[in-house]
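Visitor: Here it is: the structure, laid out below.
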Amino acid sequence: KEVNEWLIKSAFNSEIFIEKNRDTKMMYIIEKETGVTINIADAGSGIRNLIPIITVSILSNKNQNNLKNTSSRMTPDPIIALEEPEVNLHPKLQIDLAEFLIKFSKNKKFIIETHSELMMRKCQQLIRNGEISKDEVKVYCVRKNKEGHYVDEIRLDKFGNFRDEWPHGFFKERMDLLD
């Protein structure tokens, strides 16, 4: 139910339906605008990747609440690691996903490896609007040279602006295309 609520509110504007037969379960997408039903196997790979991300985030929130009620103080906080969650997603859906992940990060930790400028810019906007603090976000960039690979922190100020310069190959390219 919660997954569908988010999917409908997002740029995706569709919901999922699981048809249960005796031996099988089939997942379908129902487009809200047209009413068209699509087998998940025929949907785009971005949507097939997005649904588990949303589901795991929501379920981990429920599981964390259950663990707090039933377990000892030794229960670790969950960490969800996502590799390029933006792959094959429409730009507006990348922005919606960033906002969703930031909303859910208040209860848990995420490690998100991304190349999405849109997701990063949404994060900056939420900091600028006071919806999250710059201290709730850590940005790292992996760069390499002849000697090896290095991880640099890219600090943000209280307005969401980068305090440190990005290495060559990030963010500047968009502006170069406009020249």
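The values are calculated or read from the model by the stated rules, or taken from the named source; none is laboratory data. The structure presented is a predicted model; accordingly, all values stated were derived computationally and were not measured. Every residue, glycine among them, receives a Cβ derived from its backbone with ideal geometry; neighbour counts consider all protein chains shown. These area figures cover heavy atoms from the full protein model, side chains too; ligands, DNA and RNA do not enter into them. Shrake-Rupley method; radii C 1.70, N 1.55, O 1.52, S 1.80 Å.
Visitor: Let me spell it out: the conditions are (1) in contact (Cβ under 8 Å) with a residue 24 or more places away in the chain; (2) farther than 27 Å from Leu59 by Cβ, and Pro85 meets all of them except one. Which number is the exception?
Guide: Among (1) in contact (Cβ under 8 Å) with a residue 24 or more places away in the chain; (2) farther than 27 Å from Leu59 by Cβ, the lone unmet condition for Pro85 is (2).
Visitor: Would you confirm, using the coordinates I've provided, whether Leu126 is of a type outside the set (Lys, Arg), over 25 Å from Asp77 (Cα atoms), in contact with a Gly (Cβ under 9 Å, 6 or more places away or on another chain) and open to solvent by less than 50 Å² (accessible area, probe 1.4 Å)?
Guide: Taking the combined requirement at face value, the residue does not satisfy it.
Here is a yes/no grid of residues against (1) aromatic (Phe, Trp, Tyr); (2) touching a residue at least 60 places away in the same chain (Cβ under 8 Å); (3) in contact with a Phe, Trp or Tyr (Cβ under 9 Å, 6 or more places away or on another chain):
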residue: His90; (1), (2), (3): no, yes, yes
residue: Leu101; (1), (2), (3): no, no, yes
residue: Phe104; (1), (2), (3): yes, no, yes
residue: Lys108; (1), (2), (3): no, no, no
residue: Ile112; (1), (2), (3): no, no, no
residue: Met119; (1), (2), (3): no, no, no
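Visitor: Moving to a separate point now. Please determine whether any residue of region 153-169 is β-branched (Val, Ile, Thr), touching an Asp or Glu at 6+ places or on another chain (Cβ under 7 Å) and open to solvent by less than 30 Å² (accessible area, probe 1.4 Å). I'd like the intermediate steps shown before the answer.
Guide: Looking only at region 153-169, we keep the residues that are β-branched (Val, Ile, Thr), and these are 154.
From the residues that got through so far, the ones that are touching an Asp or Glu at 6+ places or on another chain (Cβ under 7 Å) too are 154.
From what is left, the residues that are open to solvent by less than 30 Å² (accessible area, probe 1.4 Å) are 154.
Taking every residue of region 153-169 in turn, at least one turns out to be β-branched (Val, Ile, Thr), touching an Asp or Glu at 6+ places or on another chain (Cβ under 7 Å) and open to solvent by less than 30 Å² (accessible area, probe 1.4 Å).
Visitor: Considering only residues of region 118-165 that are in a loop (DSSP other than H, G, I, E, B) and β-branched (Val, Ile, Thr), which is farthest from Phe100 (Cα to Cα)?
Guide: The extreme case among them is Ile154.
Visitor: Between a residue in region 38-63 that is modelled with pLDDT of 90 or more and any residue that is loosely packed, with under 12 Cβ neighbours inside 10 Å, which pairs come within a Cβ distance under 9 Å, given they are 6 or more apart or on different chains?
Guide: Partner pairs satisfying both residue conditions: Arg48/Ala41.
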